[in-house]
1. Can you pull out the strands (runs of 3 or more DSSP E) entirely within region 19-100 that have at least 3 residues that are surrounded by 15 or more Cβ atoms within 10 Å (Cβ to Cβ)?
2. Is it true that Leu79 is at pLDDT below 90 and of a type outside the set (Lys, Arg)?
3. Go through the residues of region 55-74 one by one and say whether even a single one is modelled with pLDDT of 90 or more, in the same structural domain as Gly118 (by TED's automatic domain parsing) and charged (D, E, K, R).
4. What are the residues in region 43-95 that are aliphatic (A, V, I, L, M) and either farther than 30 Å from Leu176 by Cβ or without any contact (Cβ under 8 Å) to a residue 24 or more places away in the chain (or both), if any?
5. Given Leu80, Leu125, Leu163, which one is in contact with a helix residue (DSSP H, G or I) (Cβ under 9 Å, 6 or more places away or on another chain) and either among the aliphatic types (A, V, I, L, M) or closer than 16 Å to Ser60 by Cβ (or both)?
6. List the pairs whose first member sits in region 150-175 and is under 24 Å from Cys195 (Cα atoms) and modelled with pLDDT under 95, whose second member is assigned to a helix (DSSP H, G or I) and of a type in the set (Ser, Thr, Tyr), and whose Cβ atoms are under 6 Å apart, counting only residues at least 6 apart or on separate chains?
7. Here's a check for you: in region 151-188, which residue that is assigned to a loop (DSSP other than H, G, I, E, B) and within 17 Å of the chain's Cα centre (by Cα) is farthest from Lys213 (Cα to Cα)?
Amino acid sequence: MAGGFPLMSDIKRRTIRAPVNPLDRSTVVSIFPKNVPPEVKPTIMPGIFHIKHGTYDNPSCLVVGPSSWWKEIDENQPLLEIPQSSIVIADSIVKDWANGIPGCDMGDNMPGWFYLPGEWTAKKLKEEQKALIDEANRKQRNWFATLVQMADAMWARSNGNPLTISEDMRLAARELNMVNKDWLADQQVMELVRCKACGHLKNPLYPVCPNCKSIDDPEKAMLMGLKFAQ
């Protein structure tokens, strides 16, 4: 900046987008019944994408266009724009968010997110692409079942520690109508207390401490019909 005016080098290094093809559109579809944080991709522009929660009966649809990133050649040349098509952006939104989520294998077990070329609405999808919605629902229910199995194992191994159960696991159980799970109970009821013998945090619903194995509540153990070796 010189005398209040931008230098030529500053002008050259601005990220100015070329005209965008208005027909380059793709749609990210979600039947995942939960709002997720915005998908942020700081290296491209536009790079912030908001996916609203959806359901099998009312999928949410986000129409995306192309985005760009800029490559530096040298300090004497303008930044080189590298455009990315809408289908590449849509694919990245789905994979970057879902890949690595517990229980998701990006195959037959994954959240109900998918994408397809073109601009789609929920009504048009249900009329013309119901098979895709059915497939996404099948994969999502498989993923939910996997999360419930993981929650059962964590609940057993942690002696009923509610902190081992994620919100997605609770959501999965509710969506599969498995409302009889112990770990779906009110978390306030399952607030951890300290063992009287060793001070280790434990679930008050269970009379035996998982750390020192002492009988912390003999009366409750008797009511549960537990027998211990002398």
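1. On the way: elements: 26-30, 60-64, 67-71, 80-84.
So the answer is 26-30, 60-64, 67-71.
2. Working: at pLDDT below 90: yes; of a type outside the set (Lys, Arg): yes.
Answer is yes for this residue.
3. Initially, region 55-74 is screened for residues modelled with pLDDT of 90 or more, giving 55-68.
Now drop any that are not in the same structural domain as Gly118 (by TED's automatic domain parsing), which leaves 55-68.
Next cut, charged (D, E, K, R) only: 57.
Among the residues of region 55-74, at least one is modelled with pLDDT of 90 or more, in the same structural domain as Gly118 (by TED's automatic domain parsing) and charged (D, E, K, R), which makes the answer yes.
4. Narrowing region 43-95 to residues aliphatic (A, V, I, L, M): 44-45, 48, 51, 62-64, 73, 79-80, 82, 87-90, 93-94.
Once the filter is applied, which keeps residues that are aliphatic (A, V, I, L, M) and either farther than 30 Å from Leu176 by Cβ or without any contact (Cβ under 8 Å) to a residue 24 or more places away in the chain (or both), region 43-95 yields Ile44, Met45, Ile48, Val63, Val64, Ile73, Leu79, Leu80, Ile82, Ile87, Val88, Ile89.
5. On the way: Leu80 fails: in contact with a helix residue (DSSP H, G or I) (Cβ under 9 Å, 6 or more places away or on another chain); Leu163 fails: in contact with a helix residue (DSSP H, G or I) (Cβ under 9 Å, 6 or more places away or on another chain).
Residue meeting the stated conditions: Leu125.
6. As it stands, the answer is Met154/Thr164; Ser158/Thr164, since those pairs meet every condition given.
7. First, pick out the residues of region 151-188 that are assigned to a loop (DSSP other than H, G, I, E, B): 158-161, 165-166, 176-181, 185-188.
After this cut, where a residue has to be within 17 Å of the chain's Cα centre (by Cα) as well, the list is 165-166.
Numbers: Ile165: 23, Ser166: 26 Å.
Ranking the candidates gives Ser166 first.
The values are calculated or read from the model by the stated rules, or taken from the named source; none is laboratory data. Note that the structure is predicted; figures quoted are calculated from it, not measured. Virtual Cβ from ideal backbone geometry, glycine too; neighbours counted across all protein chains shown.
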